[in-house]
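The values are calculated or read from the model by the stated rules, or taken from the named source; none is laboratory data. Here the structure is a predicted model, which means the values were calculated and not measured. Neighbour counts are summed over all protein chains in view; Cβ atoms, including those assigned to glycine, are modelled from backbone coordinates with ideal geometry.
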Amino acid sequence: MELATKIGAGGFGTVFKCKLNGKTAVAKQIAPARLAAKDLPLLQNEMCLWAQLDHPNCVKFFGVCFDPTEFYYLLCEYMPGGSLFDRHSALRSQATPPRPQTPQMLMEMRQIAGAMEHLHSKKVLHRDLKSANVLVAEDGRLVVADFGLVRYCQSDEQANMTAETGSYRWMAPEVIRHEPYGTGCDVYSFGVLCW
């Protein structure tokens, strides 16, 4: 792995564009010594659950490199098209009117729905589905990203989760109210994303 350009910061660390086996990838650099004790299980959970996902509309996890002296690197696909949030922001700054419902828009929403269906089939909740966490691949497909808040959910209906987790604009009412929730919280966020 050869680190190249810093492209951002997120969650537990710094994000770099890198070369992995000759292809462009992303390396999320994490300094385990700087993690709070409560954050290490979250990182382990992210890696374990993300590694189980294999869908064309989920960012592919390649693995993790351990440099025991200083850093961990979570390696995944590089999405050169930015995020759906970036696309929406650019349209707003150009004062471009919202585009009408089109076959392309419906196809894109189906891609995200397919990714979420895959997560739920694995009994995994995303818990932070929003436009900033939907990336655009080089071939134009949309992919769900950022698995830092994923959680295994035994039941499709409700889990013993009551923590307020995610981003308010996309968060289901039961999550805001600290009530038990399950896969419906992701369905609500998907509805807001479609809107």
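When you scan segment 117-140, do you find a residue that is at pLDDT below 90, surrounded by 13 or more Cβ atoms within 10 Å (Cβ to Cβ) and either among the hydrophobic types (A, V, I, L, M, F, W, C) or closer than 27 Å to LEU40 by Cα (or both), even just one?
As a first pass, look at segment 117-140 and keep what is at pLDDT below 90: none.
Scanning segment 117-140, I find no residue that is at pLDDT below 90, surrounded by 13 or more Cβ atoms within 10 Å (Cβ to Cβ) and either among the hydrophobic types (A, V, I, L, M, F, W, C) or closer than 27 Å to LEU40 by Cα (or both), so the answer is no.
Among the numbered conditions (1) touching an Asp or Glu at 6+ places or on another chain (Cβ under 8 Å); (2) surrounded by 15 or more Cβ atoms within 10 Å (Cβ to Cβ), the only one that GLN111 does not meet is (1).
For VAL150, are the conditions met, namely being modelled with pLDDT under 90 and either surrounded by 14 or more Cβ atoms within 10 Å (Cβ to Cβ) or more than 24 Å from ASP39 (Cβ to Cβ) (or both)?
yes
Checked against (1) under 19 Å from ASN133 (Cα atoms); (2) at pLDDT below 85; (3) in a strand (DSSP E or B), LEU3 passes all but condition (1).
Quick one: count up the residues across segment 182-195 that are closer than 14 Å to VAL150 by Cβ and among the hydroxyl-bearing types (Ser, Thr, Tyr). Working first, answer last.
Initially, segment 182-195 is screened for residues closer than 14 Å to VAL150 by Cβ, giving 182-183, 185-186, 189.
Next, only the ones that are among the hydroxyl-bearing types (Ser, Thr, Tyr) stay: 183, 189.
Number satisfying all stated conditions: 2.
Here ALA33 does not fit the description of being aliphatic (A, V, I, L, M), assigned to a loop (DSSP other than H, G, I, E, B) and more than 17 Å from PHE147 (Cβ to Cβ).
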